[in-house]
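Colleague: Sending over a structure as structure tokens; questions will come in a sec.
Readers should treat all values here as calculations from the given coordinates under stated rules, not as data from a laboratory. Predicted model, so just to flag it, every value in this text is computed and none were measured. Reconstructed Cβ throughout: ideal geometry from the backbone, glycine too, with neighbour counts over all protein chains shown.
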Amino acid sequence: MRLPLLTIALSTCLAASACLVSFAQSAPPAIALDEYLNNTAITEAHLSPDGAAAVIATESPDWIANTFRHDLWLWTAAGGLKPLTHSGSEENAAWSPDGKWIAFLSDRALDGETAGDDGAPASTDSKASRLWVISVSGGEALPLFREKLDVHAFAWSPNGASLFYAVTEPLTPEQQETQKAEWKDVVRWREQNRGDVLLSQPLAPALERSLALAGPHPADTAADAGKDTDKKKDTATIPAGAAVVTRSPDSSITELTLSPDGNTIAFETGPPHKRIERLSSYDIFTVPAAGGKAHALTRNNGIESELHWSPDGRWIHFIVAAAAGSVEDAYHDTQGRLYRIDPSEGTMERLGAQFDGSWDQYALLPDGRELALGLKGTQDQVYLVEADKATKLPGRPGSYAGIDSALHANAVLLRHSAINVPTQAFLAADPLHPGQLTPLTSFNPLFAQRAQPEWQPYTWKADDGVTVEGVLLFPPGKKGAKHLRMLTFIHGGPADADGDRFGADWYDWATLAAANGWLVFRPNYRGSAGYGDDFLAAISPHLVSKPGRDILAGVDALVKDGYADPGKLAIGGYSYGGYMTNWLITQTNRFKAAVTGAGAIEHAANWGNDDETLDDAWYLGGTPWENPAIYQSEAALFRLDKVTTPTHIVQGMADVRVSYLEGVAMERALQSLGVPHAFLAFPGEGHGLPNNPWHGYIKLREELKWLDKYCPQ
């Protein structure tokens, strides 16, 4: 298309031609799929107690090993950013209060380990996520214990002399032998679940023991051979040197934190089977750090998280995330809310209640002030929270994430990104001015060297007159262009929102679609967070039809405004975005192509299979037998005979959030109806495809090909 224009320029002005050639040569290329997915994501970032250093956790694909690496990095002002660990399996880092050590979880194997020696069925993963400690000054990481136990949560004592951690109540060797003999590899769905035991372990002797026993297990040494054999059979395999603080026989311990004086532990519980079936499993408990019986501090209908003591020890702060229930009354979903509770009186206060967005995360400064990240519209920003008030602090456009404060310094660590700016970690020396940032990382520089899509917010009226907002991403150099082929790309959740933040993976690939010539429409439909509790709750009980009408109204508006070519419309999404895609292709034939993943086509079986069963029942106004009409009327399954859209389906075969069989049923229906389709199933993958980066790569490669095939430029 450019050749005739260039010929005219040559015939009229040689200098102009030179300018055109120079421009063409300097224009950045579009990013390739390989480049797009070969990025490093920051998953955590924590400040040292004095605020002078930071530990940063990352995830990146290892294409050769067919896995994802999880690494820890250490940043210091003098040395910059350097690798801290090297095994590729480190997560959940925490500084010791004196800043000399970093504890973390890792499933790296110890010498001589074999599968099936932990009493678990032989078919399960034999890896154990142990607690490890590494010196900031250098050296190798050391395990706190050798026993094959998964640590669910841990915390340092305030003096740094001990670590407290929770593991599933271990079986004695005799119990392990009995279980193997009687049950083989049979899974007893509920009966085999055990609660947690909370342990304390002095650091110094544990590290001395680890250094001395870096070779064989202590039970295998010559000195131990033949000694106390009968006693060992009757004793649970609790790590040597560890003391029992308390037992939680019916629940796992998901978080724990110690009071500033070190005398009391607060912890959050959850069901050992990890399925959200009843909220009585989720509560805050306190227990003396010296040991004793735990006391229930809350009994409510919400799931608390991010427990932190106030610096003066008077309050325990926590958050109830979006769509995690309510701690104030009967179960219902709201946006994220902040609270604090007095552990001595049991009185609870809601904080920042005047903010009509969704609270995401928070941090407490040494003087007790609270900073929180609040999602409102298309941006996450930093707010100062005082009682029920929230004041937005001067920040950078885009979105913040992962706020963390120093124990003894008036500084905070933040992550920040924008649609075209990869996430980096930053230090804010003045916590009240989070726009003044010192960068600590510079991951993914390649994105700045590739053509950038342009974006703008977009609002429209739904069929009932409510204003709905979304985001439009234009192909590079085409902002404001009209009559473009358009991909309606629907976020999951549903209590989430798309906005001015970076995403580059198999799930969030809107910028890659834009780079491939698509106008990408990202609607924040009814049910999304960041637009008020009423907006979020309006999705119930019409789980797909209500937001579906919002989305179709947005498509109509974009066609009317001339942005979208009505003959070149496509649709897609994953998880709840897959639910919506499956539903919407039963409502209209205007979409020429669809890509859907991990989306249910009915709700009764999915209620039974979903690990968030309670949430499903709220969205649909009750259980399947309480509200069968809604379960049927909101299901795509009974309308699939209306589908003509060529549809590409993907599913993780080990998904417990949306059963793999939902994809199987949809494929069978489309096959019987003669609708063009493809179905990719990923072995061993759960809902988030966390295991093999090639699965996400193949998913995205094939989805892009599918869209181009049925909705070409």
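Colleague: Over what distance in Å are the Cα centres of segment 555-630 and segment 396-420 separated?
Modeller: After rounding, the separation between the Cα centres reads 34 Å.
Colleague: Continuing with the same structure: Within segment 258-278, what residues put their amide N at less than 15 Å from the label point 7 Å along the Cα-to-Cβ vector of residue 314?
Modeller: Under 15 Å, as judged by backbone N against the label point of residue 314, lie 260 of segment 258-278.
Colleague: Going from the alpha-carbon gyration tensor of the chain, what semi-axes, largest first and in whole Å, does one get by taking the root of 5 times each eigenvalue?
Modeller: 45, 30, 27
Colleague: Quick check: pseudo-label points 7 Å beyond the Cα along Cα→Cβ at residue 243 and residue 661, how many nm apart are they?
Modeller: 5.0 nm
Colleague: If you don't mind, there's one more thing I want to ask. If I model a spin label as a point 7 Å beyond the Cα along the Cα-Cβ vector, how far apart are those points for residue 261 and residue 588 in nm?
Modeller: Result: 6.3 nm between the two label points.
Colleague: How high is the relative contact order of segment 518-640, given as a whole-number percent (alpha carbon pairs under 8 Å, six or more residues apart)?
Modeller: Working: 156 pairs, mean separation 28.3, N = 123.
Answer for segment 518-640 is 23 percent.
Colleague: Something else about it: Among the trypsin sites (Lys or Arg not before Pro) within segment 476-555, which fall in a DSSP loop and have no more than 11 other Cβ atoms within 10 Å of their own Cβ?
Modeller: 482
Colleague: Which FRET efficiency, nearest 0.05, do residue 388 and residue 344 yield, Cβ-Cβ r, R0 30 Å?
Modeller: Numbers: r = 22 Å, r/R0 = 0.74.
Taking R0 as 30 Å, the efficiency between residue 388 and residue 344 is 0.85.
Colleague: Same structure, new question: Within 11 Å, Cβ to Cβ, of residue 587, how many net charges do the neighbouring residues add up to if Lys/Arg are +1 and Asp/Glu are -1?
Modeller: Local net charge: +4.
Colleague: Grab segment 450-710 and count how many Lys pairs have their alpha-carbon atoms under 21 Å apart, sequence gap of 8 or more, or different chains.
Modeller: Lysine pairs meeting both conditions in segment 450-710 amount to 22.
Colleague: For Cα pairs less than 8 Å apart in space and 6+ apart in sequence, what is the mean separation divided by the residue count of segment 450-710, i.e. the relative contact order in percent?
Modeller: That works out to 17 percent.
Colleague: Taking the Cα centroid of segment 130-145 and of segment 646-682, what is the distance between the two, rounded to the nearest whole Å?
Modeller: Here the answer is 45 Å between Cα centres.
Colleague: Still on this structure, I have one more. Could you calculate the FRET efficiency of residue 193 with residue 678 from 1/(1 + (r/R0)^6), where r is the beta carbon distance between them and R0 is 45 Å, rounded to 0.05?
Modeller: 0.75
Colleague: Shifting gears a bit: For the chain, what is the calculated [θ] at 222 nm in deg cm²/dmol (nearest 500), taking -39500 (n - 2.57) for each run of four or more DSSP H residues and dividing by its residue count?
Modeller: Using -39500 (n - 2.57) per qualifying helix, the result is -6000 deg cm²/dmol.
Colleague: Neighbour counts of other C-beta atoms within 10 Å: give me 460, 95, 625 arranged from fewest to most.
Modeller: 625, 460, 95
Colleague: Note the full-extension length gain between residue 429 and residue 185 as 0.36 nm times their separation in residues minus their Cα-Cα distance, in nm to one decimal.
Modeller: Taking residue 429 through residue 185 to full extension adds about 82.4 nm, to one decimal.
Colleague: Still on this model: Could I have the simple spin-label model distance between residue 642 and residue 280, label points 7 Å from Cα toward Cβ, reported in nm to one decimal?
Modeller: The answer from the label model is 4.2 nm.
Colleague: So, one more: Fewest first, what order do 580, 666, 653, 348 take by the number of other Cβ atoms within 10 Å?
Modeller: 653, 348, 666, 580
Colleague: Also, quick follow-up: Taking other Cβ within 10 Å of each residue's Cβ, how do 187, 245 sort, fewest first?
Modeller: Values: 187 12, 245 22.
By the 10 Å Cβ count, ascending, the order reads 187, 245.
Colleague: Separate question: Over the chain, what is the mean sequence separation of C-alpha contacts under 8 Å (at least six apart), divided by residue count, expressed as relative contact order in percent? Intermediate results must be reported in sequence, preceding the final value.
Modeller: Working: 1694 pairs, mean separation 64.1, N = 713.
Once divided by the residue count of the chain, the mean separation gives 9 percent.
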